[in-house]
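Okay, so here's the structure we're looking at.
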């Protein structure tokens, strides 16, 4: 099959397009998907660079990519929800069982990929089959973070990094929850972010929200360029700080915070690790089909252009998502 592989960690040059990769085997609780498209995420960049090798391991060749939209071609004997011919999307996890670390193993930069059935949902009825690949990981990261903090109607939330894939979903989902949203991004995204629901906007290049007079109930730091300690003075008395960028230190900290919470310790510095979940994704699908939220694709590349897609993603102020389309299915 066609796939993009890496044989070592490094920059975008390490991404190699091959037409001679073996189609993966699948377990009884998994499905084999013929991909329409795969999403490109910051997580992919960190995997490619080797930043997450402690979690990912270093078994090469390796296929990156967790976002997928595609057609189910085969199902394992224990699969009950889906059948061959179903069009699905999801944040894939090619592990047959959830990893003890919660880290989802990818593989969607390929003509075929495998994942457990519990990671998938049916494609939204209102979205084209290729752009659907831009939704799962980013929307789940935003949805699960907001679910974790459980904000109340009318509360003030500041979203740092609002113009990226996760940020755009966080803005829209916050408005679904009737929150007052302040978006932090570059000025070139100001009008766009206001148009999708932000109540106010801060240009990080000219204003430092940490030095402002406004206090927030929630600070969602998507780009992870600040800390709870730095933001504490602009949080209300019971305000919460949450981040979801994949780093080893926050994962360890999150584990101990969970232990503290068992003994009623009130933690205000939170971390959320995005997890594959077809159940959560089904809630997102419903909101998409109701017109409450939508995706925004900045650029589309062919699978063979994976190097270009990573270069574009890393060196531009990307609004929304970048996807890789399986060129065999472009006319499908």
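The values are calculated or read from the model by the stated rules, or taken from the named source; none is laboratory data. Just so it is clear, the structure is predicted and the values come from calculations on it, not from any experiment. Here the Cβ is made from the backbone with ideal geometry for all residues, glycine too, and neighbour counts use every protein chain on show.
For residue 144, the conditions (1) in a helix (DSSP H, G or I); (2) crowded, with 22+ Cβ neighbours inside 10 Å are fulfilled apart from (2).
Scanning the range 312-327 turns up one or more residues that are surrounded by 15 or more Cβ atoms within 10 Å (Cβ to Cβ), more than 20 Å from residue 139 (Cα to Cα) and modelled with pLDDT of 95 or more.
May I ask you to list the residues in the range 98-120 that are modelled with pLDDT of 95 or more and more than 18 Å from residue 41 (Cβ to Cβ)? Residues satisfying the conditions are 111, 112, 114, 116, 117, 118.
Go through the range 313-332 and report how many residues are under 18 Å from the mean Cα position of the chain (by Cα) and part of a helix (DSSP H, G or I).
Looking only at that region, the number is 2.
All told, residue 7 meets the bar of being surrounded by fewer than 18 Cβ atoms within 10 Å (Cβ to Cβ), farther than 26 Å from residue 121 by Cα and more than 23 Å from the chain's Cα centre (by Cα).
Given the criteria in a strand (DSSP E or B) and in the same structural domain as residue 319 (by TED's automatic domain parsing), does residue 114 qualify? So residue 114 fits the description; yes.
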